[in-house]
Ligand SMILES: [Zn+2]
């Protein structure tokens, strides 16, 4: 698998099932095909967890299995492998969702003026809400000041632009970047 694709796959694994999923996927990639028990042994992760991760990947169409039946015992064995055909599509959908979220955040930041006490985690209030509290933070009682979101707005705009370029919804600004080595 190309390194870039691999990195994206591992990032996605992290997103959908966390650190343990990254280990499982790495092991599976190395082996090519493996049973849940083999993967558990390779990673030191409990077989139930391995199974759960494999099913999450299966649900996302990123893993498939081959089933064989042991003629003597009658037991079924599942041999798992990665399936990355749909990876670009999945990544694109994920980026689209992120883009929409960022646009919504930008909308929220730019459509209202907010008031805030300056302590992270304390609520940002609209003018009307701040009025109700007589411009005092409902949590700590400090005076509410107009909240300067210039940096946040700039950061959101930048990330939106980057994503739109990545998704091909917007042309790359200025010079073309030189092609990165893979
Ligand atoms: Zn406060």
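Key figures for this structure:
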quantity	calculated
Sole residue being closer than 30 Å to residue 65 by Cβ and either exposed (fewer than 11 other Cβ atoms within 10 Å of the Cβ) or away from the ligand (no atom under 16 Å from the Cβ) (or both), chosen from 103, 172, 95, 158	95
All strands (runs of 3 or more DSSP E) inside the stretch 58-146 with 1 or more residues being touching a residue at least 40 places away in the same chain (Cβ under 8 Å)	76-82
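Rundown of residues vs (1) exposed (fewer than 11 other Cβ atoms within 10 Å of the Cβ); (2) within 16 Å of the ligand (Cβ to nearest atom); (3) within 27 Å of the chain's Cα centre (by Cα); (4) more than 19 Å from residue 15 (Cβ to Cβ), yes/no style:
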site	(1), (2), (3), (4)
77	no, no, no, yes
84	no, no, yes, no
88	no, no, yes, no
125	no, yes, no, yes
133	no, yes, no, yes
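No lab work stands behind these numbers, since they all come straight from the coordinates. If you're wondering where the values come from, they're calculated on a predicted model, not measured in any experiment. Heads up, the Cβs are rebuilt from the backbone with ideal geometry, glycines too, and the neighbour counts pull from every protein chain shown.
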